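Structure, as structure tokens:
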Amino acid sequence: MDSKNLKAFELTMGDSAEELARRATIILAVFGFLAHFGIWALHTTGRISIDGDAVELVSSPLSSLYTPFSILLVYEVYQLIRTIPDSFSSSVGKQYEIATLLVVRDILKRLSEIEGSSGWEVSDDLGFLLVESGAFLALFYTSLTYYRMSVGGTKDDEITEDVATFVEMKRGIANIMLFAFLLIAAYSFWSWGISVQEGGGSVSRAIFFLDFFTFLILADILILLISYWFYTDFGNLARNTGFVLSTVIIRVAISSEGVSSMILFTLSGILGIAILRMFIQNTSHANS
């Protein structure tokens, strides 16, 4: 008989629900892009006036890319929550994809604000854009390499009673994380809307993602502690602990600014690849 956790998970994050969410995301992204571009056009022609910090969202036609990328990032967070019952490595892989898209969104936002300089002089904005582009390449490589190594790793098809119980617990945590995700998203959007009315409205990657990754770290730590009940070998425990550390670094990178944030994003990816590589090699030698 299916458990309540499984029924709730299938209803909100099963294959049918995921397909519906994917289609809705595409529609919302297209609509969001067109709506944002329309607002920019109205602001540029003087039909409407946008003041305060929110004016950065209509400073250039490229600014309209911020909205669809934000919607795609929300969908990636949903996908991340779906992978929680699978394995630590699958969840961490999604975190790297989110970090990559966050950097891409920052690059697009910076491109809409950057101003060229004459001669051989390189402006601060252009210099940091080069750093962000380097971080994006590093994160993109990290995501692809991590995915390839994770898929190529050894897998045990046998589902024991302990493993089934552990997966059931992680499924319950995923259901809680989905509820927290919806609350954080609603609160973040509401807070940003209030800020716009008060003359603020500046956007950054800290909006929503800082709070969400805080809850994600708590969920990862809870899963890590529960895993101690089912796994006693040091390899699995050390690997999962390293993945939690990688998540913490991503969270710190989200709250940081400037070059330090790009270094932290890249460090998180390098750490994840190193942990997974050592774990796979150690497992292969143990089985040979």
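Kindly indicate the residue of region 8-31 that is among the charged types (D, E, K, R) and surrounded by 12 or more Cβ atoms within 10 Å (Cβ to Cβ) and also nearest to I173 (Cα to Cα) among those meeting that condition. Taking the candidates together, the pick is E10. Restricting region 264-288 to residues that are out of contact with any helix residue (DSSP H, G or I) (no Cβ under 8 Å at 6 or more places or on another chain) and either of a type in the set (S, T, N, Q) or crowded, with 16+ Cβ neighbours inside 10 Å (or both), the residue that is modelled with the highest pLDDT is Q281. For region 230-257, what are the residues that are within 19 Å of I173 (Cα to Cα) and out of contact with any Ser or Thr (no Cβ under 9 Å at 6 or more places or on another chain)? Listed by number, the residues that qualify are Y231, T241, V244.
So which residues in region 41-64 are hydrophobic (A, V, I, L, M, F, W, C) and surrounded by fewer than 20 Cβ atoms within 10 Å (Cβ to Cβ), if there are any at all? Correct list: A41, L42, I48, I50, A54, V55, L62.
Search region 183-217 for residues being in a helix (DSSP H, G or I), aliphatic (A, V, I, L, M) and surrounded by 14 or more Cβ atoms within 10 Å (Cβ to Cβ), and hand back the single one that is farthest from the chain's Cα centre (by Cα). Per the criteria, the residue is V196. Scanning region 225-258 for residues that are closer than 21 Å to I273 by Cβ, of a type in the set (A, V, I, L, M, F, W, C) and over 18 Å from the mean Cα position of the chain (by Cα) turns up F234, L237, A238. Pairing residues of region 176-192 that are over 15 Å from I71 (Cα atoms) with residues that are among the β-branched types (V, I, T), at Cβ distances under 9 Å and at least 6 apart in sequence or on separate chains, gives M177/I81; M177/I84; L178/T12; L178/I81; S191/I207; W192/V203; W192/I207.
The values are calculated or read from the model by the stated rules, or taken from the named source; none is laboratory data. Note that the coordinates shown come from a computational prediction; the quantities given were computed from them, not determined experimentally. Positions of Cβ are backbone-derived with ideal geometry, glycine not excepted, and every protein chain shown enters the neighbour counts.
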